[in-house]
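J.: The structure follows.
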């Protein structure tokens, strides 16, 4: 076994990697979330609460007063996860009516994060309220009015459907393509195809086109299920979603072709696809673990995972109902990756055996 | 616990041994004996049931019906005893490619419970016998195929088993090495080890004391090569085999 | 012009530059059945891969059907048929589907060249709806041969088509090749079985990447320099041990039921007189009966390709 370097690497390298990644990087805990405080009151109470929230390590506070429309677009662009709105005369209400209201608006396209954030902020406000009540005899009540944007019922399906789409497409396209091409190498049929008038490019196309269609069928069935069974509407353009899915599928297929060219056995292709592709997809796409909370190096790494971009795109189209104008940047990145991978894999496809 | 047969001159004794997979009878009531120290050739066309029969005899697969005793042990009840008293080598499985020659010898010797002292003398003896002193510390993967096969055989008989099963041991090996390999077989047989061998080389069939030819799961012929040639009025074993296997119905699964 | 011309091809592998093919040259005439005979690891597959344009040689030149294997590799791919050693067809496709798949790949139809494969295909036609994975070794080979032939190649490369196949199927396979030869298709075939050598028009004996000899099987046999005797007695093993010490013995090897003993020729090669033969035979007999052997048979025998191979190796 000493001579089997690969096994050694997997055996000892994997646990170290996993512990480090899961221990430090991948937590469901929400830290440094960008939130917006819109303080229309600007009085003692509102500023004290804001100060407390700013002091918390969970939040990264931006203080501006925006109108309702601007707040909404800040959410759409994904700039903020939560908005805290103090109405005018907040302190006055509190002192004279013993009762005041704060509005909390959360981006519920990721229900977990939304829940956590509202709970954190509510408890800070609660704390403040309890502090007041030790000094003043009639109890003050600060009511928090919570609004869950995009996903009022906090359905988990909202975030997992786009995630599953990314995962399934990755799995089908990368692993299946890689394995099916490598299998031809193993059975010797690749040798025959090479020694035939068939052009290498045609071999690749004929191996990948079926998977492109299969994957599109997968997309359709996932969407049908989510619309009719999970009652989750697609808020944005279905056509755009398809176009983006196709783009992602092509990126994945190119990746699959590349893996198949580099691996000699089905087993190797499988290992690379699983370890090198599926794991990063789960960890870095933002579907299981929020990317925002990872240490900076991992956040940078997450940028090279195609699934991350597709997840953002799919989620934005399905839940937030955004169009291409809001998503052109992500689309461009994904397209760039696709073209890059396609070129590399076509370049490295050999017309000979070695 | 060793069950003594009436005649312990026999290394292998089977009676109507059969193996069925659902509707398909892979091995159909084969009955034969192999004497101690005999070189027994086990021939048959592709898919005749050789591999299945061999697996049963090695204690790797339980028969559907019939009786068999290997080295005096019952194939149903004492498979572990059987495994301890046989050696096995095939073209596909031979040695650990990423261990050295010496390490392989020590490893396989260790499995069969040889002591350190025994291992030391045995491995020296074996390396001298094969004339591979220079290569003893080299990885097996760097050896030519013929050497690997010879080494692999020597390792299979390292623990002096009563029987050694050889599954196409010489496939693809050059003619000189092939004969050196058979010399090893003869030497082992001289020491009293029973040899049970399958091959596609018909000239090798001639080197066996007796051979059986399986067709469609049954043993169609079993005798010395000379007697078989006489019976089928054939000039070579090739011809005998051709006459018997030509009528085969069954194809490999 | 010759169908295949190979001029000092060398191919090495790995960091240590192990020679798989070491400066090999030969040529194959149009319509010839040429055999590469040698054990595993001799370099047969590498030669095939170089000629089918799958591998680039380190040095040397070769042409197939007049086209250079490096420059004109596409033209070669258009016109040759190739059956790799580990080739196992598409296991999940039926016999017929496999065949029509390869026909499509080569831009033809089963109908167009049915004549060529008819003889062979008829034998597997009853199983045409069976999946290739469920066929026997012999039938798989016939199907593979059909697939390699479907586009009427001018040169057919068959890498170890009979390895691991039982003697009956092997015999049938060679008979098919002989019939194909009549169709003017040049065939290069490799095999580790020496007894198949005589079925080729010309052969090359190959070991460790080098050609030991390349000629017709008859000439190779004819150029065997020593006198060869077939000896039989009770126990082959002790017989071999004993014959090794015979005074004129060059080498002795088991050959089926006999032991082949080669003896130094007294005169020039190939010119043994019956008297000389008689003397040698008697000498061997006497020597063996002195050593206590019974049922001794000694006779002069013709060498086989295997004898020649062994001689060339020593």
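Values in this text are rule-based calculations from the coordinates and carry no lab data. Since we're looking at a predicted model, the values are computed, not measured. Virtual Cβ from ideal backbone geometry, glycine too; neighbours counted across all protein chains shown.
J.: Can you sort A:60, C:129 so the residue with the fewest Cβ neighbours within 10 Å comes first?
T.: Least to most surrounded, the residues fall as C:129, A:60.
J.: Taking only DSSP H segments of four or more residues, each worth -39500 (n - 2.57), what value at 222 nm results for chain A once the sum is divided by all its residues, to the nearest 500 deg cm²/dmol?
T.: -17500 deg cm²/dmol
J.: Using a Gaussian network model of chain B whose springs link C-alpha atoms within less than 10 Å, name the residue from B:149, B:243, B:23 with the highest mean-square fluctuation.
T.: Answer for the Gaussian network model of chain B: B:23.
J.: Anyone know which of B:198, B:121, B:79 comes out most mobile in the 10 Å Cα GNM of chain B?
T.: B:121
J.: Roughly how many nanometres apart are two label points built 7 Å out from the Cα toward the Cβ at residue C:74 and residue A:216?
T.: 3.0
J.: Between residue A:278 and residue C:1, what is the label-point separation in nm under the 7 Å Cα-to-beta-carbon projection?
T.: 5.4
J.: Could I ask something else about it? Got a sec? How would B:76, B:88, A:311, A:140 order by Cβ neighbour count within 10 Å, fewest to most?
T.: In increasing order of surrounding Cβ atoms, one gets B:76, B:88, A:140, A:311.
J.: 222 nm [θ] for chain B, helices only, -39500 (n - 2.57) per DSSP H run of 4+, per residue, to 500?
T.: -10500 deg cm²/dmol
J.: Per the Kirkwood formula on distinct C-alpha pairs, the Rh of chain B is how many angstrom?
T.: Its Kirkwood hydrodynamic radius stands at 18.9 Å.
J.: For region C:61-135, what is the relative contact order in percent, using Cα pairs closer than 8 Å and at least 6 residues apart in sequence?
T.: 34
J.: Along the Cα→Cβ direction, 7 angstrom out, place labels at residue A:225 and residue B:107. What is the inter-label distance in nm?
T.: Rounded to a tenth, the inter-label distance reads 4.4 nm.
J.: If you don't mind, there's one more thing I want to ask. Over chain A, with a Gaussian network built from C-alpha contacts below 10 Å, which listed residue (A:193, A:214, A:171) shows the highest mean-square fluctuation?
T.: Ranking A:193, A:214, A:171 by mean-square fluctuation puts A:193 first.
J.: To the nearest whole number, what is the average tally of beta carbon atoms from other chains within 10 Å of the beta carbons of peptide B:236-246?
T.: Mean partner shielding for this stretch: 3.
J.: How large is the helix-only mean residue ellipticity at 222 nm for chain C, computed as the sum of -39500 (n - 2.57) over DSSP H runs with n ≥ 4, divided by its residue count, in deg cm²/dmol to the nearest 500?
T.: Computed ellipticity for chain C at 222 nm equals -10000 deg cm²/dmol.
J.: Where does each of A:175, A:275 land when they are ranked from fewest to most other beta-carbon atoms within 10 angstrom?
T.: A:275, A:175
J.: I've got another one for you. How high is the relative contact order of region C:50-202, in percent, counting Cα pairs under 8 Å that sit 6 or more residues apart?
T.: 25
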